[in-house]
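As structure tokens, the structure follows; a few thoughts come after it.
Every number here is computed from the coordinates shown, using simple stated rules; none is lab data. Here the structure is a predicted model, which means the values were calculated and not measured. Ideal geometry is used to build each Cβ from the backbone, glycine not excepted, and the neighbour counts take in all protein chains shown.
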Amino acid sequence: MRATPSLSLLCLPFLALTLAGTAVAQDGSPPYGGGGFIGVQGQGSVFFSPSGEPFRAAKGDPYPVMTWFNRVDTDHDGRISHDEFVADAVAFFAKLDINHDNYISSPENTRYENEIAPEITRMDPRIQQPKIIREESDQSADQGNDLPNGGKYIKQILGAAQYGLIDEPQPIRAADANFDFRISMDEWLNATEERFKLLDRNGDGYITPEELPKTPFQKYLDGDKGKKGDAKDGDKSGHKKKGWW
Ligand SMILES: [Ca+2]
Ligand SMILES: [Ca+2]
Ligand SMILES: [Ca+2]
């Protein structure tokens, strides 16, 4: 079931997230981290770590993906080892687990959505959404034919995925493998393992800066600067994007 995290982790959790987002928008609670929140007004930039931790940067400052990277790379060898990656994930779990019972409970997750990562409850209009609809489900076939769009699916970039390396709109909920609305440490470590595997593209046990895909928001920033057209004929040129979007 966890073999295809980009999909299986995605659908269910986000339904609940959407509801939560409605509540957030209404109460207008103040942002976490004092003024770093970019919202839809477009101040600064934000990066979401694979564990769902936001890193924010002021407008004009470098995109904060390397802020995360360098913090995780505790031995400063320029790459993130498996252990470093896990340590970072566990540290973030501890930040979320307010009552230290080794679970991220539903209220603790709500706090995450409302206070720590309010960006994930909104759709950032600057993110370029895919028009369609990859046909990557062809292999697993069957399921497609009954769908209204003829087996293709529209996969929007939502939540934390807008600012992240992995297509997980809500990285906390995504770890809830047994759907009991709380995240055990085991679930968290399993999700962390999957994330490491996704990001360590060449499988050598390290994540290097070169391996990191650009986040959708980062692509927006690049496009804003350089206006390079984003691969209309990418398929023909054989420059097929590797990865999950
Ligand atoms: Ca390292
Ligand atoms: Ca807890
Ligand atoms: Ca669970």
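Between K59 and R111, what's the calculated FRET efficiency when r is the beta-carbon distance and R0 is 22 Å? Round to 0.05. It comes to 0.20. The H on the amide N of S49, modeled in the peptide plane, is under 5 Å from the matching H of F55, each at least 5 residues off or on a different chain. Charged side chains reduced to their Cβ positions (Lys and Arg at +1, Asp and Glu at -1) give segment 38-116 a dipole of some 380 debye around its Cα centre. What the phi angles of segment 103-108 give under the Karplus curve with 6.51, -1.76 and 1.60, with θ = phi - 60°, is a coupling list of 10, 8, 7, 4, x, 5 Hz, glycine and proline written as x.
For the pairs K155/K219; K59/K214; K155/K197, flag any whose C-alpha to C-alpha distance is greater than 20 Å. From the list (K155/K219; K59/K214; K155/K197), the Cα-Cα distance tops 20 Å for K155/K197.
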